[in-house]
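The values are calculated or read from the model by the stated rules, or taken from the named source; none is laboratory data. It should be emphasised that the depicted structure is a prediction, and the values quoted were computed from it without experimental measurement. Cβ atoms come from the backbone with ideal geometry, glycine included; neighbour counts cover every protein chain shown. For the accessible areas, the whole protein counts, side chains as well, though only heavy atoms, and no ligand, DNA or RNA atoms are used. Shrake-Rupley method; radii C 1.70, N 1.55, O 1.52, S 1.80 Å.
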Amino acid sequence: MPLAPDGWLMSRRAVGRSRIELRHWVEVNDQGVIVMVPKTNAERDDSHSEQAERSQAASEEQYRIGVAVRELEDVLATASWKRDQAWKEAVHDALLAVQRVLRATRQSANAEDSLLSQVAKEAPRLEPRTRRVRDEYAELERVIGSLCDQLGTQSEVEDVRQRLRWMISALRRVETKETELLYEAFLVDIGDGD
């Protein structure tokens, strides 16, 4: 992927029988999220702020999920001996916090102006993976609801810990898939057509 010294990424795409050359301004923000702005300097100024806002929103959502998950992990690590009910209540509260953040993330990912929507539009071959990431966020939200319901039953503490560790691991896998998808989209499909 040729990157000019002035920060422009040159890409070539086949259109019919001819090839066209596109120029993209590529940056990586402080959180490591790729910001790609298409075409001309004039468009760069207008679209850069919009793209930067999308990237910033996505980074903030991942940060909020991370904080909520760490709080849940802290609660899971506390002792539950002779205080099962208090422990389950603390876990329930932490799990509800994760659910709220995950719901906001899922809604944002499904929004028409999200980075995932942009990937689906501009890199059609990645649309199935984009849909899978969205579906997995929705499934995790349902799993969290089920786990909240199970906390009210006579579940063993170790069983609850095991199921929640699985859920946290699944959530991290989805976040990783989303990050990899965005990097691939902006570095390969959207950023470079070769």
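Indicate the gyration tensor shape class of segment 58-118 (rounded, prolate or oblate), computed on the Cα atoms with a ≥ b ≥ c the square roots of the eigenvalues: a/c under 1.5 is rounded; otherwise a/b larger than b/c is prolate and the rest oblate. Verdict is prolate for segment 58-118. Length available on full extension from residue 83 to residue 139: 0.36 nm per residue minus the Cα-Cα distance, which gives 17.1 nm.
Judged by the ratio a/c of the largest to the smallest principal axis of the C-alpha gyration tensor, segment 93-164 counts as prolate, that ratio being 1.5 or greater while a/b is larger than b/c. In a simple Cβ point-charge model (Lys, Arg +1; Asp, Glu -1; nothing else charged), segment 84-186 has a dipole of about 240 debye relative to its Cα centre. Element breakdown for segment 54-183 at a 1.4 angstrom probe: carbon and sulfur atoms account for 50% of the accessible area. First measure r as the distance between the Cβ atoms of residue 131 and residue 165, then evaluate 1/(1 + (r/R0)^6) with R0 = 22 Å and state the FRET efficiency to the nearest 0.05. After rounding, the FRET efficiency stands at 0.25. Summing Lys, Arg as +1 and Asp, Glu as -1, what charge do residues with Cβ under 15 Å from the Cβ of residue 156 carry, residue 156 excluded? Net charge around residue 156: +3. Each residue of segment 120-130 is assigned a 3J(HN,Hα), and the resulting list reads 4, 6, 8, 9, x, 5, 8, 4, x, 5, 4 Hz, derived from the Karplus form 6.51 cos²θ - 1.76 cosθ + 1.60 (θ = phi - 60°), x at Gly and Pro.
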